[in-house]
Amino acid sequence: MSHDKIATLHIVAANKFNTNIMIKNTLAIASDHGGFELKQILAQYLREQGAEVTDLGTHSLESVDYPDYAAEMGKWIESNADKKGIIICGSGIGVSIAANRNPRVRAALCHDGLSANLARRHNDANVLCLGARLIGIETAKDCVNQFLSSEFEGGRHKTRVEKLS
Ligand code: RB5
């Protein structure tokens, strides 16, 4: 196993068992109806840890169209360039496709803490996409913790990320 992979596993293991990760971030959260309940849970979880959370909707279980909320997230990222967002739909797929249509957004659909960790370290992702119907609450919290506590590594990854724009 490569040193890089071992280091990744150590970081993920350390964070996984740290239940006191303080998330002093300012961030936005959004969802469609499929992600509404998980959005509410994660927003409360983040606020309890000291995060300032802007809720871009939706605000009920009434059926809505995920591209509208992904577009709102894109606008928020445009005016909060150094900040991060979390967006949720049933599978996470719709919001990830839609969010990435904004050139300022690097949205990553993650299903576990390691993918969220790598989305930050290697891809400098600024929007985390989650599928509320595919992952449980604890896994979603792992994804959020990793996404908000991991830093972009730059170097060779910077060259690659710059080619995305
Ligand atoms: C809504 O039913 C569902 O299609 C949506 O939340 C999402 O999973 C689309 O990708």
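All of the numbers you see were taken from the coordinates with simple rules; none came from a lab. Since we're looking at a predicted model, the values are computed, not measured. Here Cβ is always computed from backbone atoms with ideal geometry, including for glycine, and neighbour counts include all displayed protein chains.
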*If contacts are Cα pairs under 8 angstrom and at least 6 residues apart, what is the relative contact order of the range 21-162 in percent?*
24 percent
*Under a GNM of the chain (C-alpha, springs under 10 Å), which listed residue has the highest mean-square fluctuation: G136, G94, G74?*
G136
*Under a GNM of the chain (C-alpha, springs under 10 Å), which listed residue has the highest mean-square fluctuation: S149, S96, S63?*
S63
_Relative contact order of the range 42-123, pairs being alpha-carbon contacts under 8 Å that are 6 or more residues apart, as %_ = 21 percent
*Please find the FRET efficiency linking N123 to Q40, where r is the Cβ-Cβ separation and R0 is fixed at 35 Å, and quote it to the nearest 0.05.*
0.80
_In Å, descending, principal axis extents of the Cα set of the chain_ = 48, 36, 27
_Sites matching GluC sites (Glu not before Pro) across the range 122-158 that sit in DSSP coil, with at most 15 neighbouring C-beta atoms within 10 Å_ = E151, E153
_Counting other C-beta atoms within 10 Å, and keeping those with at most 15, which DSSP coil GluC sites (Glu not before Pro) do you find in the range 20-119?_
E62
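Charges at C-beta only: +1 for Lys and Arg, -1 for Asp and Glu. How large is the resulting dipole of the range 21-162 about its Cα centre, in Debye rounded to 20?
Computed about the Cα centre, the dipole is about 480 debye.
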*What residues have an amide H closer than 5 Å to that of R106, excluding those fewer than 5 places away on the same chain, when H is modeled at 1.01 Å from N in the peptide plane?*
N126, V127
*Work through the residues other than E52 whose Cβ is under 15 Å from its Cβ and net out their charges, Lys, Arg +1 and Asp, Glu -1.*
+1
